[in-house]
Amino acid sequence: IGVLASGEGTNFQELINLSEKGELDIDIKVLITNKDDAGCIERAESVKIPHKIIRGKDFSQKELFELEIINTLINYDVELIVMAGWMKIVTPFFINKFKNKIINIHPSLLPAYKGGSAIKESLSNGSKITGCSVHFVDEEVDSGSLIIQAALQIFDKDNIETLTKKIQILEHKILPHSICHAGFLIRHNFMGNY
């Protein structure tokens, strides 16, 4: 797999831990991030996983930025792309290069609260439950075929920090299952386009 992450990389770390313990049969070929100070970089370095910083601002067009990511993933022979806190919307150009081979984890029960402020929106709207979803990436943001979801109750005392931590615990549980499911579909050509 290739992991795309923009932040601390807690899901990335969970995948590293499960792989090292032999509980998840994956080979993390490369981490790509778009932030110089992303915490996921240190996590990759600590276990000698190759990583590359590819910043959108370094390219005159988004397609060139994505082409650099695409070429990196191809060079590392990546079969499945895992967006784990990747805070950039990808274009059809990128998606079509890896049709049905990109999954994303999102901190809401999709189709509710799409986009980058899902946890904040669930709190401000007074939702009583929330959770997380893993889905295949398609051309509409946070709208691809769902693989798995997990739910939790929102309590009156919850805030962004407490709810984020609770959701991350669920994400760590469902992301590995999603990778197994997506890998099975890819390896057995269930979704075509291979």
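The values are calculated or read from the model by the stated rules, or taken from the named source; none is laboratory data. All of these numbers come straight from a predicted model, not from anything done at the bench. Here Cβ is always computed from backbone atoms with ideal geometry, including for glycine, and neighbour counts include all displayed protein chains. Each accessible area value is taken on the protein alone, full model and side chains, heavy atoms only, with ligands, DNA and RNA left out. Shrake-Rupley method; radii C 1.70, N 1.55, O 1.52, S 1.80 Å.
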Check your understanding: In terms of modelled amide H atoms, which long-range or inter-chain residues lie less than 5 Å from the amide H of residue 87?
Key -> 6
Practice item. Report, in debye and to the nearest 20, how large the dipole of the chain comes out about its Cα centre when Lys and Arg carry +1 and Asp and Glu carry -1 on their Cβ. Key: 160 debye
Exercise for review: Choose one answer from 101, 128, 157: the residue with the largest mean-square fluctuation in a GNM of the chain with alpha-carbon springs under 10 Å.
Suggested key: 157
Exercise for review: Considering only 159, 11, 104, give the residue with the highest GNM mean-square fluctuation for the chain, with springs between Cα atoms whenever their separation is below 10 Å.
Suggested key: 159
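Hey, got the dipole for segment 78-171? About the Cα centre, +1 on K and R Cβ, -1 on D and E Cβ, debye to the nearest 20?
It works out to roughly 100 debye.
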Review point. Given 88/114; 48/166; 35/166; 29/101, which pairs have Cα atoms separated by over 21 Å?
Key: 48/166; 35/166
**Study point:** Top positive-direction residue, dipole computed over the chain with Cβ charges, set 49, 127, 76
**Key:** 127
**Study point:** Positive-end extreme of charge dipole, the chain - chosen from 176, 6, 145 (charges on Cβ)
**Key:** 145
Check your understanding: On average, how much accessible surface per residue is there in the chain, in Å², for a 1.4 Å probe, leaving out ligands, DNA and RNA?
Key -> 52 Å²
Check your understanding: Which shape class applies to the chain: rounded if a/c is under 1.5, otherwise prolate when a/b exceeds b/c and oblate if not, where a ≥ b ≥ c are the square roots of the Cα gyration tensor eigenvalues?
Key -> rounded
Exercise for review: Treat every Asp and Glu Cβ in segment 14-103 as -1 and every Lys and Arg Cβ as +1, leave all other atoms uncharged, and give the resulting dipole magnitude about the Cα centre to the nearest 20 debye.
Suggested key: 340 debye
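Keeping the other protein chains in place, figure out the carbon and sulfur percent of the accessible area of segment 1-144, with a 1.4 Å probe.
Roughly 46 percent, rounded to a whole number.
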Review point. Between segment 124-180 and segment 47-61, what's the alpha-carbon centroid distance in Å?
Key: 26 Å
